[in-house]
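Okay, so here's the structure we're looking at.
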């Protein structure tokens, strides 16, 4: 797996891969990272990548020429993703599906956005990570790539970790408790200490349902519908 980030500010992304699981995954060859700066492809005398919007409006827009030239250097088969508030919401299913790709390119916009002709010409998919606006596309690109990398075989030390995470099913993940069993006079559910795995799983399911009902009630409805079909 290879990620290429098309960004004006690669330094915003590079540091994220310098520690922890992602650093070890790169060192072990599970995936690699590269960068393309549209400014390096600008035909402008001063390497400009933005201009005023045709038709007026506030702010500047990333112009097509530098991005066209940068993206045209990619080899055939690269899967190009744009981050934009108008895109489809990125989900865990998308992360699992995209983890099977060989080369994903994330294009990060800046200013008031990217000239629509670039998106129409190159986008394989357009994703949003939420109903809010950010300064640029670097953070959404990192969020998506982090979620994708976790689903690459061998990246996580324990593959079972993926099975019980939130959004692997409609239910949210059950609460987690670390040792010691009692801290600041607060304990963990007593069933966790008895070693009966079937009862522990039943308790975790009940807590998942409670947590989902409180935080994401629409997900609980999906769970009930799915369960009724399975019966």
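Any read-out appearing in this document is the output of simple, stated calculations on the displayed coordinates, not a laboratory observation. Note that this is a predicted model, so its numbers are computed, not measured. Note that we place each Cβ from the backbone using ideal geometry, even for glycine, and neighbour counts take in every protein chain shown.
Over all directions, what mean area does the Cα convex hull of the chain project, stated in square nanometres?
On the way: hull surface 69.9 nm².
Approximately 17.5 nm², given one-decimal rounding.
Over every pair of different alpha-carbon atoms in the range 28-91, take the mean of 1/r and invert it; report that Kirkwood radius in Å. Write out the running numbers ahead of the final one.
Working: mean 1/r = 0.0691 Å⁻¹.
Hydrodynamic radius (Kirkwood, Cα only) of the range 28-91 equals 14.5 Å.
Relative contact order (percent) for the chain, with alpha-carbon contacts under 8 angstrom and 6 or more residues of separation?
On the way: 303 pairs, mean separation 43.2, N = 231.
Answer for the chain is 19 percent.
Treating the angle as unsigned and between 0 and 90°, give the value, to the nearest 10°, between the Cα long axis of helix 197-215 and the longest Cα principal axis of the chain.
Approximately 50 degrees, to the nearest ten.
Compare the peptides 117-128, 49-60 by average per-residue count of other Cβ atoms within 10 angstrom and give them in order, highest first. Present the calculation step by step, with values, prior to reporting the outcome.
Numbers: 117-128: 16.4, 49-60: 12.3.
Final packing ranking: 117-128, 49-60.
Is it possible to state the helix-based mean residue ellipticity at 222 nm for the chain, with each DSSP H run of 4+ residues giving -39500 (n - 2.57), the sum divided by total residues, to the nearest 500 deg cm²/dmol? What is it? The partial results should precede the final answer.
On the way: 9 runs with 83 residues, N = 231.
Estimated from H runs of four or more residues: -10000 deg cm²/dmol.
With a cut-off of 8 Å between alpha carbons and a minimum separation of six or more residues, what is the relative contact order of the range 166-230 in percent? Walk me through the intermediate numbers first.
On the way: 40 pairs, mean separation 27.4, N = 65.
Relative contact order, the range 166-230: 42 percent.
Please compute the contact order of the range 1-127 in relative form: average sequence separation of alpha-carbon pairs under 8 Å and at least six residues apart, divided by the residue count, as a percent.
Numbers: 186 pairs, mean separation 41.7, N = 127.
Once divided by the residue count of the range 1-127, the mean separation gives 33 percent.
Over all directions, how big on average is the projection of the convex hull of the alpha-carbon atoms in the range 1-107, in square nanometres?
Working: hull surface 34.6 nm².
So the mean shadow area of the Cα hull is 8.6 nm².
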